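In what follows, a single structure is set out as structure tokens and then discussed.
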Amino acid sequence: MTTSDLDLATAAAAGDAAAFSSLLERHYDSLFRLAFRLTGSKAEAEDLTQDVCLALPTKLKNFSGQAKVSTWLYRVMVNAAHDRRRKQSRSAKLAKGWGDWEKNRASANAETAAQIDWLHQAMTILSPDLRDTLALVLDDVTHKDAADILGVSEGTVSWRISKAKRTLREAHAKEDRI
């Protein structure tokens, strides 16, 4: 004599592993087919079916027996699919926002990197005195400290920075015209 789904569900809810195994054996294929129709993907259906099966021992404790076990299992699967779609939708929205932010950040970093590369390349046209002075100031050394390091006055450091800026600005303008 075959044990009914209701008896298996009741026993499984009470912790009977053999009853749970029999119940799964009886309904796994139909749950998977439903999951496949709900997701349209074999891999997603496998994941969803596995998730539902893992949650069933806990969910069976809430099974009231008012519906057929197969109907109740389908409901559990449909709810799980809806939950997964909502979660994926939220994740996609968050990822889109993150993706936009990341693209903007990468673009800004690329632009900054390009500017730094240009500056390093352009500094080669400066005289050694101007290049040394500018390199120190770009490294956040104060004009006073740069003057001490270079053995010149603070005014000379300021003049060299001004001269370096003017030279680089002219080189940049010349590139823009080309």
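The convex hull defined by the C-alpha atoms of segment 133-178 has an orientation-averaged projected area of 3.1 nm².
Between Arg90 and Leu24, the contour length at 0.36 nm per residue exceeds the Cα-Cα span by 20.7 nm. Using the 1.4 Å probe convention, the accessible area of the chain works out to 68 Å² per residue with neighbouring protein chains retained. In segment 1-100, the portion of solvent-accessible area held by carbon and sulfur atoms comes to 55 percent [1.4 Å probe, whole percent, DNA, RNA and ligands not counted].
In the chain, the convex hull through the Cα atoms has an average projected area of 19.7 nm², a quarter of its surface area.
Quickly estimate the mean residue ellipticity at 222 nm for the chain, helices only: each DSSP H run with n ≥ 4 gives -39500 (n - 2.57), and the total goes over all residues, rounded to 500.
On the way: 7 runs with 148 residues, N = 178.
Taken over the chain, the calculation gives -29000 deg cm²/dmol.
Protection proxy ranking for 170-176, 50-56, using the average of other Cβ atoms within 10 Å per residue and placing the highest first: 50-56, 170-176. Within the listed set Arg105, Arg26, Arg166, the Gaussian network model of the chain (springs between alpha-carbon atoms below 10 Å) gives the highest mean-square fluctuation for Arg166. When the Cα atoms of segment 1-76 are aligned to their principal axes, the ranges along those axes come out at 35, 23, 18 Å in descending order.
If you put +1 on each Lys and Arg Cβ and -1 on each Asp and Glu Cβ, how big is the dipole of the chain around its Cα centre, in Debye rounded to 20?
Numbers: 26 positive and 24 negative charges, 181 e Å.
That gives the chain a dipole magnitude of about 860 debye.
Give the calculated FRET efficiency between Thr2 and Lys61 to the nearest 0.05, with a Förster radius of 22 Å applied to their Cβ-Cβ distance. Don't jump to the answer; show the numbers that get you there.
Working: r = 24 Å, r/R0 = 1.09.
Efficiency, from the Cβ-Cβ distance: 0.40.
The values are calculated or read from the model by the stated rules, or taken from the named source; none is laboratory data. Owing to the predicted nature of the structure, the values given are computational and were not obtained by experimental measurement. So basically every Cβ, Gly included, is an ideal-geometry build from the backbone, and we count neighbours across all protein chains shown. Remember, those area values only see protein heavy atoms, side chains included, never the ligands or the DNA or RNA. Shrake-Rupley method; radii C 1.70, N 1.55, O 1.52, S 1.80 Å.
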